[in-house]
Amino acid sequence: MDVLLIKGGRPLTGRIRISGAKNSALPLMAASLLCPGTHHISNVPVLKDVQTMASLLESMGAVWSLRDSRLQLDTSDIRHQQAPYELVRTMRASVLVLGPLLARFGHAEVSLPGGCAIGARPINLHLEGLKRMGARIELDSGYIKARAGRLKGTEIYLDIPTVTGTENLMMAAVLAEGVTKIENAAKEPEVADLADALNKMGARIKGAGTDVIEIEGVESLRPMNHEVIPDRIETGTYITAVAITQGEAVIEKTRPEHLEAVIAKLRETGVDIRVSGDSLLVKGVSRPLPSDVKTMPYPGFPTDMQAQFMALMTIASGTSVIRENIFENRFMHVAELRRLGADISVEGSVATVKGVDRLKGAPVMATDLRASASLVIAALVAEGETSIHRVYHLDRGYERMEEKLRALGAEVERKRL
Ligand code: EPU
């Protein structure tokens, strides 16, 4: 298993280019199941999760190649409409194949995802929405077994604006008979990106990116040709990394308008962020100011940036209160940050972070993707060496992270144990 060794204390300087968004690439890949033919997706990040989704599609009969961030996916010969436990277990986003399979083939078997490190994460809203569209769904031996004739347009109100739930239902609805209206839909940029791609395939979707999405079903679609939007969470992660090291760097090829809440919060802490087209110039301050944050669905402050923001607040000049509203167990990084000297207490969904003068390197363990990113950020400023174990979590969602950090002057090394 790989370990990252980081020697803290070097300011990050230079330029860094943002990769395509993981959470856009995964639903786009699932959407390729909606019609036969060769799909072209560009700006695809080379990540473990993308490979897992490609393997899942391959196990169904798809043929794919990924070169220079360009993914070609031929879904002409899909013989198996199943997502096995072994793959769903390693990546919950596998559940995104359910809607497209059901819409195109009228049946699908997808392993029910279990809980995961950040919470129970049920998918009841995906299933209830599909049922409203006429699907018959059974749970049998750990599998969701779904059947339907042609799905039927209907009105669906989501109790929670679930991101992958909205995506699954939108993909199911594009081939349904009649109009589907999804109310209280997720407004994340990745949902809008998927709708853009589907519309280019011939779908008729209006309102994606707002809380009401209307989808008029069509008879057939054509293969997609689409470029993935930049990763807003990768962008936020690098802004925080530059800021904590008192560095100065240009972050290129991003979409600042997707990060308004993150930029506003980081500015509150004193970080200087200037927007210029699709780039951001970031300058850290000698010591960040404390700031409170609550995670919210988009356009609020994203849960996927909570751990990284907490890492920055560990060295703030006062106390910050961080409330996690989306997932019930997303403070696994707290115990590890404490090992680096952070002063954090947790009560339920609230973490109180008392800024300390300095962090000190130590061995720590990554527990999930964003928790790992927060440990990297803290390690970049900690005195001495930090070794981060279980970095496979990072490889799931950050493309060439240590290479990008090294290019900015960080002392990072990957060792195979
Ligand atoms: N929820 C339900 N029932 C459902 C669906 C969701 O109760 O049927 C609850 C969840 O348990 C959670 C809340 O609703 O408390 C929101 O979850 P959501 O469904 O929106 O999350 P997701 O779609 O499973 C995506 C991202 C996550 C990101 C969340 C929230 C992808 C592939 N994953 O997950 O990304 O944290 O939205 O923004 O898009 C990550 O990249 O590190 C990551 C975990």
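The values are calculated or read from the model by the stated rules, or taken from the named source; none is laboratory data. This is a predicted model, so every value here is computed, not measured. Reconstructed Cβ throughout: ideal geometry from the backbone, glycine too, with neighbour counts over all protein chains shown. Quick note on the areas: whole protein, heavy atoms, side chains included, nothing else; ligands and nucleic acids left out. Shrake-Rupley method; radii C 1.70, N 1.55, O 1.52, S 1.80 Å.
Looking at (1) within 18 Å of the chain's Cα centre (by Cα); (2) surrounded by fewer than 19 Cβ atoms within 10 Å (Cβ to Cβ); (3) within 28 Å of Ala208 (Cα to Cα), which is the only condition Asn329 fails? All conditions pass for Asn329, except number (3). Scanning region 204-230 for residues being in a loop (DSSP other than H, G, I, E, B) and either at positive phi or open to solvent by 10 Å² or more (accessible area, probe 1.4 Å) (or both) gives a total of 11. For region 94-109, the tally of residues that are within 16 Å of the ligand (Cβ to nearest atom) and either touching a Pro at 6+ places or on another chain (Cβ under 9 Å) or open to solvent by 10 Å² or more (accessible area, probe 1.4 Å) (or both) stands at 3. Note on region 27-55: residues that are under 19 Å from Val174 (Cβ atoms), surrounded by fewer than 24 Cβ atoms within 10 Å (Cβ to Cβ) and within 19 Å of the chain's Cα centre (by Cα) amount to 0.
With respect to the stated conditions, Val44 is within 16 Å of the ligand (Cβ to nearest atom) and in a loop (DSSP other than H, G, I, E, B). Cβ-Cβ contacts under 8 Å between residues 6 or more apart (or on different chains), taken from a first residue in region 119-134 that is of a type in the set (Gly, Ala, Ser) to a second residue that is away from the ligand (no atom under 11 Å from the Cβ) and part of a strand (DSSP E or B), are listed as Gly129/Ile156; Gly129/Ile182; Gly134/Lys152.
A quick yes/no check of all residues on (1) open to solvent by 20 Å² or more (accessible area, probe 1.4 Å); (2) away from the ligand (no atom under 16 Å from the Cβ):
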| position | (1), (2) |
| --- | --- |
| Asn199 | yes, yes |
| Thr240 | no, no |
| Gln246 | yes, yes |
| His258 | yes, no |
| Glu268 | yes, yes |
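Pro36 falls short on exactly one of the conditions (1) within 16 Å of the ligand (Cβ to nearest atom); (2) assigned to a loop (DSSP other than H, G, I, E, B), and that condition is (1).
Taking only region 165-197 into account, find how many residues are of a type in the set (Asp, Glu), within 13 Å of the ligand (Cβ to nearest atom) and part of a helix (DSSP H, G or I). Residues meeting the conditions: 3. Evaluating Thr386 against the criteria (1) free of Cβ contacts under 8 Å to residues at least 60 places away in the same chain; (2) open to solvent by less than 10 Å² (accessible area, probe 1.4 Å); (3) part of a strand (DSSP E or B) leaves one unmet condition, (1). Of the numbered criteria (1) assigned to a loop (DSSP other than H, G, I, E, B); (2) out of contact with any Lys or Arg (no Cβ under 9 Å at 6 or more places or on another chain); (3) in the same structural domain as Leu194 (by TED's automatic domain parsing), the one Pro11 fails is (3). For beta carbons closer than 8 Å, sequence separation of 6+ or different chains, a first residue in region 264-289 that is not assigned by TED's automatic domain parsing to the domain that holds Thr235 and a second that is assigned to a strand (DSSP E or B) and open to solvent by less than 50 Å² (accessible area, probe 1.4 Å), there are no qualifying pairs. When Thr352 is tested against (1) under 23 Å from Ile263 (Cα atoms); (2) in contact with a helix residue (DSSP H, G or I) (Cβ under 8 Å, 6 or more places away or on another chain); (3) β-branched (Val, Ile, Thr), exactly one condition is not met: (2). Scanning region 160-174 for residues that are of a type in the set (S, T, N, Q) and open to solvent by 10 Å² or more (accessible area, probe 1.4 Å), we see that the one that is farthest from Ala203 (Cα to Cα) is Thr162.
Which one of Gly99, Gly106 is closer than 23 Å to Leu198 by Cβ and in contact (Cβ under 8 Å) with a residue 60 or more places away in the chain? The conditions single out Gly99.
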